[in-house]
1. Please verify whether segment 67-87 includes one or more residues that are modelled with pLDDT under 95, within 16 Å of the ligand (Cβ to nearest atom), in the same structural domain as Glu320 (by TED's automatic domain parsing) and among the small types (Gly, Ala, Ser).
2. Return yes when Glu268 is near the ligand (Cβ under 9 Å from one of its atoms), farther than 24 Å from Phe329 by Cβ and exposed (fewer than 15 other Cβ atoms within 10 Å of the Cβ) and no when it is not.
3. Of everything in segment 128-179 that's within 17 Å of Val314 (Cβ to Cβ), surrounded by 23 or more Cβ atoms within 10 Å (Cβ to Cβ) and among the hydroxyl-bearing types (Ser, Thr, Tyr), which residue is farthest from the ligand (Cβ to nearest atom)?
4. Only one of (1) of a type outside the set (D, E, K, R); (2) over 19 Å from the mean Cα position of the chain (by Cα); (3) part of a loop (DSSP other than H, G, I, E, B) fails for Asn337. Which number is that?
5. Filter segment 271-287 down to residues that are surrounded by 15 or more Cβ atoms within 10 Å (Cβ to Cβ) and among the β-branched types (Val, Ile, Thr) and give me whichever is modelled with the lowest pLDDT.
6. Restricting the search to segment 218-265, which residues are surrounded by fewer than 24 Cβ atoms within 10 Å (Cβ to Cβ), assigned to a loop (DSSP other than H, G, I, E, B) and of a type in the set (Gly, Ala, Ser)?
7. Take the residues of segment 299-330 that are in a helix (DSSP H, G or I) and either at pLDDT below 95 or under 25 Å from Asn194 (Cα atoms) (or both): which is nearest to the ligand (Cβ to nearest atom)?
8. From Arg274, Arg300, which residue is more than 25 Å from Ala238 (Cα to Cα) and of a type in the set (Lys, Arg)?
Amino acid sequence: KRVIFKTEPKERAPTQDDFEVVNVPFDLASVGNDAGNVVTQNTFLSLDPYMRGRMRQEAKSYIPPFKLGEPFNGYAIGTVIKSSNPAFAVGDTVKGFLSWETYSVVPNPDLIQLKVFTPTPGIPLSHYISVLGMPGFTAYGGLIILAQPKAGETLFVSAASGAVGQVVGQYGKKLGLRVVGSAGSDDKVAFLKNELGFDEAFNYKKPPGGSIKAALQQACPKGIDINFENVGGETYDAALSLMNPQGRIPVCGWISGYNSSNAFPPPEKFEADRVKHNLSVLRFFIQVEFAKGDTPKEHREKTEAWILDGSLKVKDDVREGLDNAAAYFCGMLKGENFGKATIKV
Ligand code: NDP
């Protein structure tokens, strides 16, 4: 079974009709026999906002667009079920850019960054594409390395109950920050305050005080030192007006703009904001800038220890079945996920 990318949504929100689920014959004995090949059975798929950008056929990006008529692909976990490659053995757990399909025949594992990994006992496998995968690593690199937080500072994070935001907020608490979050429902706000220990949180769709700026003013009496920007638009403008001098804005994402071909404002705007407010405003790409050196190892070791000692909570919103993957992906872009959007194949 495969999920095929059928039509480009251009300047609108994608819908399930932009995809098609197809069944194709699969005979394990006749595939994956050439040297170097690996065959995987895919278990968990990561549904991520950046994939909306890859649907854009004209986009200039660090990652090429999805091809129309071919399966979607993204970060995923699988199990090796056949190998003609000495680096992989049957039964190995692997992670990489796998297609949205039940089984993948991988002629060149390096091309899709397919790697064997050993999950740590006691940690659910799905966590390796959420808090221990790209989104958690984004929180680590963007907050800890880029923003250089100091205890006592105020951190604001938007899309705070999502894959990246929930981890940013909890790292912030560990570093002694005052942590404020925004999210799109009362349930999400209650989760941030009651389960994750955020100091303050509000529903940006009905903000206390009548505007996002008024809500932020109430929640951040000493101003904002770090705005971990996930959504952009009105949220960015409101936080910008409350930034303290020498504040940092790691511009992680701008999801409010992703259905437009000009998703992000131009770099000149961030530069003007930086100068006017005496800040650092930095757009970053986690896999381009941080996925080298010791940072990935450091992220995994510290984060696993915090999960195992119970001091870091993880909410993966796992739904079942490739048939549901496309609708869930479109829903995630509108906030239908509560936690890391994941499909269990
Ligand atoms: P999430 O799990 O947070 O899911 C996306 C969430 O965005 C939705 O659940 C919804 O939550 C929120 N949202 C959607 N539309 C809007 C809107 N118009 N205004 C405000 N919020 C909205 O996704 P991730 O944690 O994976 O990603 C968060 C951000 O980080 C994205 O912008 C993504 O592109 C970016 N990112 C950047 C990376 C980098 O390298 N720079 C790497 C990874 C992610 P709600 O119900 O709260 O509205």
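1. From segment 67-87, those modelled with pLDDT under 95 are none; that's our starting set.
The answer is no; no qualifying residue exists.
2. Working: near the ligand (Cβ under 9 Å from one of its atoms): no; farther than 24 Å from Phe329 by Cβ: yes; exposed (fewer than 15 other Cβ atoms within 10 Å of the Cβ): yes.
Here the answer is no, as Glu268 does not meet what is asked.
3. Filtering segment 128-179 for residues that are within 17 Å of Val314 (Cβ to Cβ), surrounded by 23 or more Cβ atoms within 10 Å (Cβ to Cβ) and among the hydroxyl-bearing types (Ser, Thr, Tyr), the one farthest from the ligand (Cβ to nearest atom) comes out as Tyr171.
4. (2)
5. Ile286
6. Gly223, Gly232, Gly233, Ser241, Ser260, Ser261, Ala263
7. First, the residues of segment 299-330 that are in a helix (DSSP H, G or I): 299-308, 322-330.
Applying the additional criterion that residues be either at pLDDT below 95 or under 25 Å from Asn194 (Cα atoms) (or both) yields 302-308.
Details: Lys302: 19, Thr303: 15, Glu304: 20, Ala305: 22, Trp306: 18, Ile307: 17, Leu308: 23 Å.
Among those residues, the one meeting the criterion is Thr303.
8. Details: Arg274 fails: more than 25 Å from Ala238 (Cα to Cα).
From the options Arg274, Arg300, the qualifying one is Arg300.
The values are calculated or read from the model by the stated rules, or taken from the named source; none is laboratory data. Quick caveat, the model's predicted, so the values are computed rather than measured. Using ideal geometry, Cβ is built from the backbone for each residue, glycine included, and neighbour counts are taken over all protein chains shown.
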